Amino acid sequence: MNTLFFTLHDFMVHTKGVTYLIMGGILVALPLFWWFLTERDDEN
Amino acid sequence: MTDNGGQTVRKLWTPFNVIVGIILLVGGVLTLMRFTQGIGAVTNLDNNNPWGVWIGFDLLCGVALAAGGYVTSAACYIFGLKRYHSAVRPAILTAFLGYALVVLALHYDVGRPWRLPYPIFVSQGTSSLLFEVGLCVFLYLTVLFIEFTPAAFEWLGLKKIRAVVVKLTLILTIFGVVLSTLHQSSLGALFMIAPSKLHPLWYSNYLPVYFFISSMFAGMSMVIFESTLAHRYLSRHMDDTHHGQAFGVAMGFAKAAAFVMVGYLSVKLVGIAIDGHWQYLTTGWGMWYLVEVIGCVALPAVLFAMGVREKNLTFVRWAAAWTVFGIVLNRLNISMIAFNYHLPSDQRYFPSIMEIGTSVFIVTLGIVIYRFVTTRMPVLHEHPDYPAH
């Protein structure tokens, strides 16, 4: 993870890119977690 | 008469009363020392560490754990979830006592406590975050006091004035949510002034967001935790409604807390990514950070979720206590442990035994007042002469 950055632009592109990927993962994970939480509610 | 007298004396000498009596006595002596000999006589505070355990624990943890007041009243009166109604009064009382004790602790911590009203009434520092926190705490303490008065008025039999205050419930709740949103986040924002002092893993531009989101699940966990203790020690003061709703309240709050905790973890992850701080995670501080984030947020969130799925109240109650511990750890990390992390160990702050004693005294005072109020006023039960509002 110790990537060498020469400009602030390089740094921003890298960190924002990683953040977008993480956000994509979160968009998938949060509904799945909600489903895990509420899955058995319908049974009652 | 002699028997009754003997019984009263025996009732007075319970283990709880004896321990509480000793703590209050020691606290009284420490208070005397603090206000006659100054802060230096009882604390290890210095110019490097002007904020110690009285701010880190009494104030930051006190405010976070008192968030149950706005969370519960918002759920009940704004979102219309009346099944949480029985939890509102205990939560409001806990919040009111929490904030009142925060203000009490501030009297110990500031150099000239008699000037505490100055920022509000004399010299308003409108560009200061501390001013905003001070104003919000002042206003929210007033709101909580008014929100709790119906219980006191029912106890005193003041029907007319109670009816007037009850009509203000919705507006007070909205006011409480707005004020809490402001000052819960501003407490986090306070630490943004010290980017070179707080370890990069804890320092973030998202600190206000972290503090606000974490206050939500701190409040919900505290309501469950407090309900657990009340069921164990004050069960005889609860009515059937309270007993009947307790399971639903715990499950509902556990579900909400678990989801908010996962949201909080997501924002933390984004915070690390946007600052590019991954390399710190493999250091000693990184391990400690992971203990806090995975050990005291992710794992209790999973336990909450398991408890909700299995309808297991024991899981939920343990998860709540674990989360409360995690919030305390988070606030202490930010204000004390990861603060001034770069200083040599001989310049690091560790609270003196007298500082810790004063904090224990203040918490004990809260427990004693909570017990005094709940055993007399309609907090854990509904007054038979008044309809629920």
*asked:* Using the basic label-point model (7 angstrom from Cα toward the beta carbon), what is the B:Ile78 to B:Asp385 distance in nanometres?
replied: 3.4
*In a shell of Cβ-Cβ distance under 14 Å around A:Met23, excluding A:Met23 itself, what net charge do Lys and Arg (+1) and Asp and Glu (-1) give?*
+2
_Let me see the P(r) profile for region B:314-389: every Cα-Cα distance counted, bins of 10 Å, each bin given as a percent of all pairs._
14, 23, 31, 18, 9, 3, 0
*Ranking A:Met12, B:Met220, B:Met287 by Cβ neighbours within 10 Å, fewest first, what do you get?*
B:Met287, A:Met12, B:Met220
_Using +1 at the C-beta of Lys and Arg and -1 at the C-beta of Asp and Glu, which of B:Pro387, B:Ile367, B:Tyr70 has the Cα lying farthest in the positive direction of the dipole of the protein assembly as shown?_
B:Pro387
*asked:* Modelling each spin label as a point 7 Å along the Cα-to-Cβ direction, I'd like the B:Val122/B:Leu343 distance in nm, to one decimal.
replied: 2.9
_Under the span-like rule (Cα at least 18 Å along the axis, Kyte-Doolittle mean at least 0.5), DSSP H helices of chain B_ = B:15-37, B:85-109, B:129-156, B:169-189, B:207-233, B:240-275, B:313-332, B:353-374
*For region B:45-374, report the convex hull volume of the alpha-carbon atoms normalised per residue, in Å³, without decimals.*
146
_Candidates per trypsin sites (Lys or Arg not before Pro) in region B:261-321, loop by DSSP, up to 15 other Cβ within 10 Å_ = B:Lys311
*Work out which chymotrypsin sites (Phe, Trp or Tyr not before Pro) in chain B are exposed loop sites (DSSP not H, G, I, E or B, at most 12 other Cβ within 10 Å) and give the longest gap free of them.*
B:80-389
*Estimated 222 nm signal from helices in chain B, with DSSP H stretches of n ≥ 4 weighted -39500 (n - 2.57), rounded to 500*: -22000 deg cm²/dmol
*asked:* Between B:Ile367 and B:Leu156, what is 0.36 nm times their sequence separation minus the Cα-Cα distance? Round to one decimal in nm.
replied: 73.7 nm
*With only Lys, Arg, Asp and Glu charged, each at its Cβ (+1 for the first two, -1 for the last two), find how big the charge dipole of the protein assembly as shown is about the Cα centre; round to the nearest 20 debye.*
700
*Write down Rg/Rh for region B:99-179, rounded to two decimals, with Rg from the C-alpha atoms and Rh from the Kirkwood relation over Cα pairs.*
1.07
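Read-outs: derived from the displayed coordinates by stated rules, not from any lab. This structure is a prediction, so every number in the text was calculated from the model and none was measured. When we count neighbours, we look across all protein chains shown, and the Cβ atoms used for this are built from the backbone with ideal geometry, even at glycine.
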